[in-house]
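The structure appears right after this line, and notes come after that.
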Amino acid sequence: MPTVVVMDVSLSMTRPVSVEGSEEYQRKHLAVHGLTMLFEHMATNYKLEFTALVVFSSLWELMVPFTRDYNTLQEALSNMEDYDKTCLESALVGVCNVVQQEWGAAIPCQVVLVTDGCLGIGRGSLRHSLATCNQRNESNRFPLPFPFPSKLYIMCMANLEELQSSDSLDCLERLVDLNNGEGQIFTIDGPLCLKNVQSMFGKLIDLAYTPFHAVLKCGHLTSDVQVFPRPEPFIIDEEIDPIPKAINTDLEIVGFIDIADISSPPVLSRHLVLPIALNKEGDEVGPGITDDTEDENSANQIAGKIPNFCVLLHGSLKVEGMVAIVQFGPEWHGMLYSQADSKKKSNLMMSLFEPGPEPLPWLGKMAQLGPISDAKENPYGEDDNKSPFPLQPKNKRSYAQNVTVWIKPSGLQTDVQKILRNARKLPEKTQTFYKELNRLRKAALAFGFLDLLKGVADMLERECTLLPDTAHPDAAFQLTHAAQQLKAASNGTSEYAAYDHNITPLQTDFSSSSTERI
């Protein structure tokens with residue numbers, strides 16, 4: 001999940017802070033200290049995270065585009081200059097542009113806004129932006145909510161008492177509310193000092209940047225792994241009182257299935273699974289990074305000599321062309337599979353299905369799946385030339401039936417023309433004529449389109465008058481009979497207006513054979 005750090009470099013951030021010692025600190029220095037702590041943590045525990053740095057005052061500037069090089073980000077913090085007044089709206093517009101250009105509108109992103117709580121003055125201030133956000137047109141809309149899934153974390157270089165003395169806290173809370181409530185405001189507990197700033201950023205790290213460590217199990221085989229990015233709790237909308245559902249730290253593999261059988265299923269999220277290697281003393285040697293290159297190389301060499309179930313699983317799935325079904329909790333499953341980045345590099349990935357007993361309809365209920373050895377005969381055949389999936393549904397689905405749809409006028413016109421073409425070929429097309437006529441009749445009754453029935457009846461009467469002298473006598477009788485039946489149905493009150501009623505061919509002495517009768 002990419003992160004955008006938005007740093008306030010307005011003049012209000014240069015206000016001095018009384019800190020113990022002879023060195024003079026500004027609020028900007030406290031913010032830099034907190035962000036340095038965050039970047040150091042991410043470089044060690046979240047090294048796969050892409051992070052960008054944006055600074056703003058009345059305008060915004062992209063200081064560092066999305067990168068995994070946290071040394072570059074820390075160097076940029078020391079090179080920031082001071083500018084003019086605060087304009088939070090311009091910063092949020094900059095975040096929209098940066099994220100959409102790099103990731104589009106589908107990738108979730110975390111936005112860390114570092115400011116001192118000053119909202120700016122006059123036009124362009126946050127007060128002015130919030131007061132006018134409902135009076136704008138679409139081309140000049142307020143940038144919140146962001147056009148991409150996001151969480152907005154606001155880090156205030158001020159304590160709660162200072163923010164409550166003005167309406168700053170209310171305005172900042174309004175920003176989180178505009179972002180669909182996704183986010184949180186952090187303030188400094190107690191006086192402004194380096195220790196309290198570290199404590200505030202520590203809360204952010206615990207909330208959003210703590211690595212997700214789990215144990216991958218398959219029978220007696222286990223492996224400590226890190227799942228990246230961290231899986232978010234899932235809220236089931238159908239529940240009366242929705243409760244966030246989080247995955248267990250024990251990821252238990254319950255079975256394996258061919259890639260062709262599981263196909264390309266719908267998933268909630270995708271994650272990278274990284275093995276955490278342990279040395280003989282039980283200390284972690286990966287996947288984190290170390291400051292010293294030699295120490296890092298030696299740690300990787302040690303980790304490479306230790307057998308790891310995660311590596312074995314990844315290679316097996318890749319060679320056999322299968323996926324592993326993993327259980328996260330009661331009635332919640334997902335899959336582990338090998339995904340290739342290039343011809344030589346591939347990764348072990350994990351996808352989360354939607355919670356429920358039957359997340360993939362073509363596989364049936366997960367609890368009813370079992371090993372091939374339990375079946376009387378191999379469901380894949382002796383030559384592995386067939387598959388038991390997809391399971392056929394017991395009830396015929398509505399989308400599998402012949403449903404009449406008139407989304408466009410051309411669809412209705414085609415159905416009417418089909419009836420008229422068959423009417424001109426009576427009595428040879430008697431069966432097809434009444435089949436199409438009844439299909440149109442039922443659709444018209446279902447839609448309440450009774451005028452259509454009267455209109456088609458008038459067309460059939462006109463076709464009857466235009467019959468050539470060489471036409472079969474039965475054609476005129478059938479057209480007249482059909483027109484009368486449609487007119488009776490168009491009234492909506494007679495027995496002929498019933499939906500289940502079918503118009504049957506008129507029995508005449510001219511009927512050529514019983515095969516033309518319905």
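The values are calculated or read from the model by the stated rules, or taken from the named source; none is laboratory data. Predicted, not measured: the structure shown is a model, and the values here were computed from it. As a convention, Cβ positions derive from the backbone with ideal geometry for all residues, glycine included, and neighbour counts pool all protein chains shown. Heavy atoms of the whole protein, side chains included, go into the accessibility calculation; ligands, DNA and RNA do not. Shrake-Rupley method; radii C 1.70, N 1.55, O 1.52, S 1.80 Å.
Brief remarks on what is shown
- Sequence-separation-based contact order of the stretch 144-216, relative, with Cα cut under 8 Å and 6+ spacing, percent: 36
- Stretch gain in nm, segment Phe447-Ile259, where the contour uses 0.36 nm per residue and the Cα spacing is subtracted: 63.3 nm
- Residues whose amide H comes within less than 5 Å of that of Glu252, counting only those at least five positions distant or on another chain, are Lys217, Gln327 (H built at 1.01 Å from N in the peptide plane).
- Computed from the alpha carbon positions, the gyration tensor of the chain leads to an equivalent ellipsoid with semi-axes of 65, 37, 18 Å, biggest first.
- A convex hull fitted to the Cα coordinates of the stretch 11-118 yields 112 cubic angstrom per residue.
- When the alpha-carbon atoms of the stretch 132-265 are used, the pair Rg, Dmax equals 21.2, 63 angstrom.
- The chain, dipole about Cα centre (Lys/Arg Cβ +1, Asp/Glu Cβ -1), debye to the nearest 20: 2440
- Table column - 3J(HN,Hα) (Hz), the stretch 325-330, Karplus curve with 6.51, -1.76, 1.60, x for Gly and Pro: 7, 10, 9, 9, x, x
- Solvent exposure of Ile372, expressed as accessible area, is near 90 Å², computed with a probe of 1.4 Å over the protein chains only.
- Packing here is the average count of other Cβ atoms within 10 Å per residue, and on that basis the peptides 480-488, 251-259, highest first, run 480-488, 251-259.
- Per-atom-type breakdown for the chain gives carbon and sulfur 51% of the accessible area (1.4 Å probe, protein chains only).
- Rounded accessible area of Arg462 (nearest 10 Å², 1.4 Å probe): 150
- In plain terms, the chain from Tyr380 to Thr222 could stretch by 53.9 nm, reckoned as 0.36 nm per residue minus the Cα-Cα distance.
- Antiparallel %, DSSP beta bridges [both residues in the chain], to 5: 60
- Contact order normalised by residue count of the chain, Cα under 8 Å, 6+ apart, percent: 9
- The stretch 49-176 - Rg (one decimal) and Dmax (whole number), Cα, Å: 14.9, 43
- At a probe radius of 1.4 angstrom, the accessible area of the chain per residue rounds to 55 square angstrom.
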